[in-house]
Amino acid sequence: MKNDNSNNPSALTISLDKTPERFHPVAEQVLPAFIRLFEDYAAQITPLMERDHAMRKQNADGKLSEQISAIEQESRQVKDRLFKERITSNIYVTPYDTFPSQFEYFLTGGSLHFIMKTSKKITIQTSFTDEDGNEIYHRFVLRPVEKNWLIDWFGYGYESEEGPYRKSDF
């Protein structure tokens, strides 16, 4: 399932190199929905965070606080709708994101490594270059829950760092 962008419209380059062949059908089942989830998320959250970012710059006097709160509420609704049945209780979902979204690379490009060595855990590692030229890594751990693969852990790291990924929120 290596993505050469000819038969998979995703902006991501996909690799199954670290996954035994017997788990490739699981990748073909899980990855389209996983990628679509974050593509939908980035497409819906980016305009909200753009408005939020612009309003916060103009809110020195606090007069836009009500509008900012409304954007936060809308953001929370988007996240609840998209992630509600896709994550475990180990993931904390905030009403905030960055602008552009921390998951914008699902739309603009990066790489994704699907790693499955047992039937109890999937690790998805992604990498992308941010607007400052830094290589950033995300790691998602999925676990089977009632016949569905749910995101159970999310963390990030940087190319320049050694050591474990830091746990993060959505």
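Subtract the Cα-Cα distance of Lys84 and Ser119 from 0.36 nm times their separation in residues, and report this length gain in nm to one decimal.
Computed gain between Lys84 and Ser119 is 10.3 nm.
What lysines could a cross-link reach from Lys84, if we take a straight Cα to Cα line under 23 Å and drop same-chain neighbours fewer than 8 places away?
Lys120, Lys121, Lys147, Lys167
Considering only protein heavy atoms, what is the solvent-accessible area of Tyr96 at a probe of 1.4 Å, reported in Å² to the nearest 10?
Rounded to the nearest 10, the figure is 110 Å².
What do you get for the angle between helix 65-83 and the principal long axis of the chain? Use alpha-carbon atoms, 0 to 90 degrees, nearest ten.
Once rounded, the angle reads 20 degrees.
Relative to the first principal axis of the alpha-carbon coordinates of the chain, what is the inclination of helix 24-58, with its axis defined by its Cα atoms, in degrees from 0 to 90 and to the nearest 10?
10
Hey, any idea what % of region 47-170's accessible area is carbon plus sulfur with a 1.4 Å probe?
46
Using a 1.4 angstrom probe on the protein heavy atoms only, could you order Arg81, Arg139 from most to least accessible area?
Solvent-accessible surface, decreasing: Arg81, Arg139.
Rounded, prolate or oblate: pick one for the chain, where a ≥ b ≥ c are the square roots of the eigenvalues of its C-alpha gyration tensor, a/c under 1.5 means rounded, and failing that, prolate if a/b is larger than b/c, else oblate.
Cα axes put the chain in the prolate bin.
Normalising by the residue count of region 1-130, find the relative contact order in percent from Cα pairs under 8 Å and 6+ residues apart.
Across region 1-130, relative contact order equals 38 percent.
Taking the Cα centre of region 24-93 as origin, sum charge times position over the Cβ atoms of Lys and Arg (+1) and Asp and Glu (-1), and report the length of that vector in debye to the nearest 20.
With only Lys, Arg, Asp and Glu charged at Cβ, the dipole is about 80 debye.
By a straight-distance test (C-alpha under 18 Å), which aspartates and glutamates pair with Lys117 as possible cross-link partners, with residues fewer than eight away in the same chain excluded?
By straight Cα distance, Lys117 reaches Asp17, Glu21, Glu28, Asp152.
Using only DSSP helix segments of four residues or longer, with each worth -39500 (n - 2.57), what per-residue ellipticity at 222 nm results for the chain after dividing by its residue count and rounding to 500?
-11500 deg cm²/dmol
Using +1 at the Cβ of each Lys and Arg and -1 at the Cβ of each Asp and Glu in the chain, identify which of Ile122, Leu107, Ala54 lies farthest towards the dipole's positive end.
With unit charges placed on the Cβ atoms, the residue in question is Ile122.
The values are calculated or read from the model by the stated rules, or taken from the named source; none is laboratory data. The model shown is predicted, which means the values in this text are computed figures rather than measured ones. In this analysis, Cβ positions are derived from the backbone assuming ideal geometry, glycine residues included, and neighbour counts consider all displayed protein chains. Side chains included, ligands, DNA and RNA excluded: accessible areas come from the protein's heavy atoms. Shrake-Rupley method; radii C 1.70, N 1.55, O 1.52, S 1.80 Å.
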